[in-house]
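Colleague: Here you go, one structure.
The values are calculated or read from the model by the stated rules, or taken from the named source; none is laboratory data. Since this is a predicted model, take the numbers as computed values, not measurements. Cβ placement follows ideal geometry from the backbone for every residue including glycine, while neighbour counts extend to all protein chains displayed.
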Amino acid sequence: MVLVKRLKPDILLGFAISNITKFSIDQTIADFKLGSFDEYDPMVKLSLDQTRFIGFSPEKVRDQLDAEDVRESFILLDAETTQSKSVWWVGRYLDEEMESVDADRWRQMCVVNVSSDERILMKARFATVEVPMFHVNHLISNMDIFDIFDNIPLPIDPHGPQEPYSIFDWEHNPPPPPPASVVASPEEYEKSSEAAVTQNFVLGAGALTEVVRLKEDVARENNLQSEWTTVSVVPQSEEGYPEGSLSFTQPWAFRK
């Protein structure tokens with residue numbers, strides 16, 4: 001039987017800072033699940049506290065969590081969440097993100113409506129559905145908050161509203177989920193050495209000589225698509241799989 005390896009999702013904390021209706025809470029959770037590909041193999045899960053920080057500013061929430069040695073990023077639901085289907089993603093303070101000289105320069109160029117001694121909390125408003133992908137990219141250092149600021153009008157007012165950041169059309173043309181990592185025994189996959197197939201895969205100095213995919217019926221049974229891909233040998237830790245088993249990725253049978 002094919003083993004579909006599951007990720008251990010990160011946990012992102014979320015807090016309401018305004019009184020939010022049950023409808024809006026449910027909508028936020030649904031949008032977050034959509035953006036994290038929860039139906040397939042979720043990248044991140046949301047842990048939402050609806051009451052603890054009602055009436056707090058983002059800065060006060062950050063300071064309270066820091067006092068508890070909770071230094072991870074988090075999201076905030078506020079009065080705008082219901083109408084705009086968006087939340088604040090909150091990171092660290094500017095002086096913790098940059099060296100002092102660069103932080104001072106960024107403050108002068110990109111920020112308005114702050115006093116000279118005020119610490120600037122690095123936060124950006126996201127369409128809720130976009131948060132999981134950014135959060136995971138932030139965790140693995142593929143993106144940071146400054147990448148977001150490169151794509152929104154500057155200067156920003158840390159105390160004012162922001163238009164929600166969004167790059168995908170999740171309703172009409174959503175991005176596909178990341179492929180599944182599978183372990184398959186010899187009777188569950190097929191190989192090809194045909195040049196017409198392998199020439200599409202380049203590794204190092206030239207094309208691969210062999211590629212692999214799940215058999216059509218096996219892929220269908222596991223909610224996957226059968227698609228040619230590169231091969232890796234099954235690690236010894238995968239107990240119970242017969243000799244010749246392989247590990248590779250296959251796309252999910254994605255439904256738009």
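Colleague: Go through the stretch 1-51 and give me each residue that's buried (at least 17 other Cβ atoms within 10 Å of the Cβ) and among the acidic types (Asp, Glu).
Modeller: Within the stretch 1-51, Asp31, Asp38, Asp41 qualify.
Colleague: Of all the strands (runs of 3 or more DSSP E) wholly in the stretch 1-99, which have at least 3 residues that are touching a helix residue (DSSP H, G or I) at 6+ places or on another chain (Cβ under 9 Å) and within 26 Å of Val182 (Cα to Cα)?
Modeller: 44-49
For (1) in contact with a Cys (Cβ under 7 Å, 6 or more places away or on another chain); (2) in contact (Cβ under 8 Å) with a residue 24 or more places away in the chain, each residue gets a yes or a no:
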position	(1), (2)
Val112	no, yes
Ser116	no, no
Lys123	no, yes
Ser141	no, no
Ile152	no, yes
Pro155	yes, yes
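Colleague: State all residues of the stretch 188-203 that are outside any strand (DSSP E or B) and either at pLDDT 95 or above or assigned by TED's automatic domain parsing to the domain that holds Met133 (or both); if no residue qualifies, say none.
Modeller: Selection gives Glu188 alone.
Colleague: Moving on to the next point. Could you check the stretch 204-244 and list, in sequence order, the residues that are at pLDDT below 90 and within 16 Å of Lys5 (Cα to Cα)?
Modeller: Scanning the stretch 204-244 gives Val231, Ser232, Val233, Val234, Pro235, Gln236, Ser237, Glu238, Glu239, Gly240, Tyr241.
Colleague: Counting only residues that are touching a helix residue (DSSP H, G or I) at 6+ places or on another chain (Cβ under 6 Å) and exposed (fewer than 13 other Cβ atoms within 10 Å of the Cβ), how many does the stretch 118-154 have?
Modeller: 1
Here's the yes/no breakdown for (1) within 24 Å of the chain's Cα centre (by Cα); (2) under 26 Å from Thr229 (Cβ atoms); (3) β-branched (Val, Ile, Thr):
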residue	(1), (2), (3)
Pro132	yes, yes, no
Gly160	no, no, no
Phe168	yes, yes, no
His172	yes, no, no
Val182	yes, yes, yes
Val197	no, yes, yes
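Colleague: Of the numbered conditions (1) at pLDDT 95 or above; (2) in a loop (DSSP other than H, G, I, E, B), Phe254 satisfies every one except a single condition; which is it?
Modeller: (1)
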